[in-house]
Every structure is written in C-alpha cells, then in structure tokens.
Amino acid sequence: MSERKFIVVDGSSMLSTCYYAVLPREIMFAKTEEEKQRHYEKILHAKDGTYTNAIFGMLKMVVSLMKKQQPDHIAFVFDKTRDTFRRELYPEYKGTRGVTPEPLKSQFVLMEEILEDVGFKVLYSDRYEADDYAGSLVMKFREEIPMIVLTKDHDYLQLVSDEYNVRAWMVQSRQEKADELYQRYYTFYGVKKQQVNLPEKVFEYTSRTVLYEEGVRPEQIVDLKAIQGDSSDNIPGVKGVSSAVPPLLREYGTVEEIYRAIHEVENDKKRLKELQDFWKQELGISRSPFKALTKTSEEELCGEKAAMLSKTLATIKTDIPIDLELSAFTAESFDEERVLAWLKKLDIKEASIFGA
C-alpha cells in the first residue's frame, strides 16, 4: 500500500522543463531570437497548429505520477505573471530572464485548462507566484497529511520540514545527476534509493538532506539567499560574502542575528577585531566578510539593506487565503477519459502517454 501524501506540483517549472526537453535542435542551438522563430514550425504541434511539446511531456509526467506515486491529494500551482508584489519591492526582480517564447506561453494557458478539465485544482493569480501558493498549501494542510512539493526550484527547500513530514521532490536535469545525489547522500546514511517511490530524475530532500547538500537548515534557505543572492531570480544578495554565509548562519542562525553581532561591535575597534578573529579561528572564515556586509552607498544597493531586501524577496508566502478544504484536492477527481479526449483533440498518441 502506498504512503498517504499530498503532492503539490510546480506547474510552471514542470511545463518549462518539458518544453525545453524536446525542442528541435535548430531552436536549441539558434543564436538569435529571429533564427529560433524561423524554426517554430518544427516544434511538436497538433494538426491545427497548436503547439504541444510541453503539454505532451507534462501529461506524460502527470499520468506516470498518478499511476506510480498514487497521491491521495494533488494540486498544481502556476506563475501567471512576473509582475507580482515582489516587483513592487524590487523592480529588477527576475529582470535577467528573457521573454517567454510564444510557443511556450500559449501552452501555459492550455495546460492549465487541461489540468482543470481532467479534475485537478490549479492555483495562480496576478499577485502571487507558484511557490507562494505551494507554501500556503503546505502551511494549511501539513498537520493533516504528509506534503510533497515537486519542482526544480531550490526556493522550495525552505518549506521542507521533518517535523511536519514536508519533503521536496527536486527534479534533476539528468537521471545520472539524481543517481549521483543518491549515491552521495543515501549511501552515506544507509538508505537505498529503492526504498523511496519517486518519479524519474527526482531526488528527495528532507531536512537532513537540505542540511547535507546546502549547508544550512531548510528554514535558513532564505537567509542563505539573503546574502548569496539568486541569479535566476535576480535577487541581489551581498556581493563578496558568498562562501562565508553557511558558517555564519551555523553560528548565528539568521541574517538578522549576524547583523546584531556586527552592530554590537562596529564602533569598538577592540571588540571588532575580536569578532573577526572569532570568525577566522572558530568559524574557519579565511577572508573577513565584514567590509562587504557593512558597505553603504547612495548609488547602489549593498550591505545590510541589500541583505534584508533579498531575504524578503526570497521568502515564500505561506499565508495566502485558500478557501478550500483538503477534500477539494482529492486525486480521485482525476478523469483518465478526459485525458484521452484531450490527446485525441491534440493529435497525441495515447500509447505515448499511457504506454503500449
């Protein structure tokens, strides 16, 4: 009998992964946007021209998930726009990301429609991101049922909790990478991969795994990003500190406490030297991050101001009102006949999704 669980799927992450996984080589290696567009007709599509490469991959994943992992409850969360409340705090948030290709953008809308039509609850809005809905679902239901978040986004690691049995199923780019993680971690702790029922290319993060792999506890992921930043989301962090962050967090716990320790000594040269000696001798930090952590400037975002803003940007909201009970997310609502109807409509072979 399978373990009781509620799986929250990061739909945006999964659909994007499926889109890029099966793009024609001409598009993958094109050097300009114009060159890519010239080959759009080679992307998998239905007879009426509807692009389907991402939908194909995601439906295959969903059907496999329902058959093999057999969740009791399931939900899908999506990003609808990049102009969420985080952009109001920091206009450059996610500013380094390119424009979403039109063939992928159209499949987002259709994928959400398909998922709802086949019986799943799909959550998204103009105000919040997918991970905010995932965090709010986890917080709402984690005392009722074991929760799993399925994603490629490391931000989700902050939701992991052994106390509440919340895990992250982190999708790797290749099966070899997942196997490498299992060999490094599970062999070390004496737990075999075969003991865990997981989708392909997935590595399971528990609180212990997060600490082993990231060097901090799950609840400290936001503090890690506060100083290290996150280039994928264009979260600035504090430049010049990176490698010193894990030992500082192991000692002080949070970014706020790091700065509390700094403020206590910054106007006392003797105590400041004692603090930096402590960092070097006891924490093993060879190059003092004090200057970078305390830098101030009118022209650029840096130092404590950058750290605090970055922590806010990295923190997943867990208090979005979700006026649905656990029963609303039951996996029993999944209707395979509706999936088959969509496959026919989109000219996708049934055997390619459900197997021969």
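Readers should treat all values here as calculations from the given coordinates under stated rules, not as data from a laboratory. Being a predicted model, the structure only gives us computed values, none of them experimental. Positions of Cβ are backbone-derived with ideal geometry, glycine not excepted, and every protein chain shown enters the neighbour counts.
Structure notes:
- Residue within segment 3-12 that is surrounded by fewer than 15 Cβ atoms within 10 Å (Cβ to Cβ) and under 22 Å from residue 198 (Cα atoms) present: yes
- Residue in segment 247-266 that is among the acidic types (Asp, Glu) and more than 28 Å from residue 207 (Cα to Cα) present: yes
- Segment 121-137 - residue that is crowded, with 21+ Cβ neighbours inside 10 Å and aromatic (Phe, Trp, Tyr) and, of those, nearest to residue 323 (Cα to Cα): 133
- The set of residues in segment 88-99 that are surrounded by 12 or more Cβ atoms within 10 Å (Cβ to Cβ) and either farther than 29 Å from residue 235 by Cβ or under 18 Å from the mean Cα position of the chain (by Cα) (or both) comprises 93, 94.
- From the list 316, 353, the one residue that fits, being under 28 Å from the mean Cα position of the chain (by Cα), surrounded by 15 or more Cβ atoms within 10 Å (Cβ to Cβ) and in a loop (DSSP other than H, G, I, E, B), is 316.
- The helices (runs of 4 or more DSSP H) found wholly in segment 206-283 and carrying at least 3 residues that are surrounded by fewer than 16 Cβ atoms within 10 Å (Cβ to Cβ) and free of Cβ contacts under 8 Å to residues at least 24 places away in the same chain occupy 255-265, 269-281.
- Unique match (being surrounded by 16 or more Cβ atoms within 10 Å (Cβ to Cβ), under 26 Å from residue 13 (Cβ atoms) and among the basic types (Lys, Arg)) among 167, 184: 167
- Residue in segment 9-31 that is within 30 Å of residue 159 (Cα to Cα) and part of a loop (DSSP other than H, G, I, E, B) present: no
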